[in-house]
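S.K.: Sharing a structure, written as structure tokens. Questions coming.
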Amino acid sequence: MDLFNFKHLLGLDRMRDRRAMPRRRPHPGTSVLIVDDSKTVVATLKRMLRQSGYDTLEAYDAELGIDIAHSLQPALILMDVVLPGLNGFQATRILSRAEGTRHIPIIVMSGNEEATEQFWVLKIGAADFMKKPFSRQDVFERIERLLPSVQTA
């Protein structure tokens, strides 16, 4: 059996290899706000996003995240659920109802992938839900679905 037939039997020939796909780059100046109290998660997302051409903004609590969203108007927000002070649900509800920020899509992140949590995330105004741990593909599939981009070779 040759390699092609083996990959076909396993379904690997249909898997989307991100490296083989045309690169999608953000419009210049597109910023993403990362709201998470984990320095590791913030650093990981920041590195992924910057390598792909996004500007990043960071907040380690919801209150600062809300302030940054209002003042700097990011194109998208990645919001953790468990935060000190206000939680991610409360912050998402505030941002999705406020006149100046309701247009900003919010992707809520959580280590809990319960269906009830996903239901509430969408009910409070988030655009999407992403479970932790996440892969690079998880992050960019959601971002590319929500933000316009420029396709390059």
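S.K.: Mind listing which chymotrypsin sites (Phe, Trp or Tyr not before Pro) in segment 49-109 are in a DSSP loop and have 15 or fewer other Cβ atoms within 10 Å? Mind dumping the intermediate values first?
M.R.: Numbers: sites: Tyr54, Tyr60, Phe89; in loops: Tyr54, Tyr60.
Of the chymotrypsin sites (Phe, Trp or Tyr not before Pro), not one in the loops of segment 49-109 has a Cβ with at most 15 other Cβ atoms within 10 Å.
S.K.: Still on this structure, I have one more. Let me have the relative contact order for segment 69-112, percent, based on Cα pairs under 8 Å that are six or more residues apart.
M.R.: 51 percent.
S.K.: Right, here's the next one. Could you put Met130, Met48 in order, starting from the residue whose Cβ has the fewest other Cβ atoms within 10 Å?
M.R.: Met48, Met130
S.K.: Using Cβ counts within 10 Å as a stand-in for footprinting exposure, how do Thr92, Thr40, Thr101 rank, fewest first?
M.R.: Starting with the residue having the fewest Cβ neighbours, the order is Thr40, Thr101, Thr92.
S.K.: I would also like to ask the following. In debye, nearest 20, what is the charge dipole magnitude of segment 67-153 about its Cα centre with +1 on Lys and Arg Cβ and -1 on Asp and Glu Cβ, if you could check?
M.R.: Numbers: 9 positive and 10 negative charges, 25 e Å.
Here the size comes out at about 120 debye.
Values quoted throughout were computed directly from the atomic coordinates according to the rules given, and no laboratory measurement underlies them. Remember, it's a predicted structure, so these values are computed and weren't measured experimentally. FYI the Cβ positions are ideal-geometry reconstructions off the backbone, even for glycines, and counts take in every protein chain you see.
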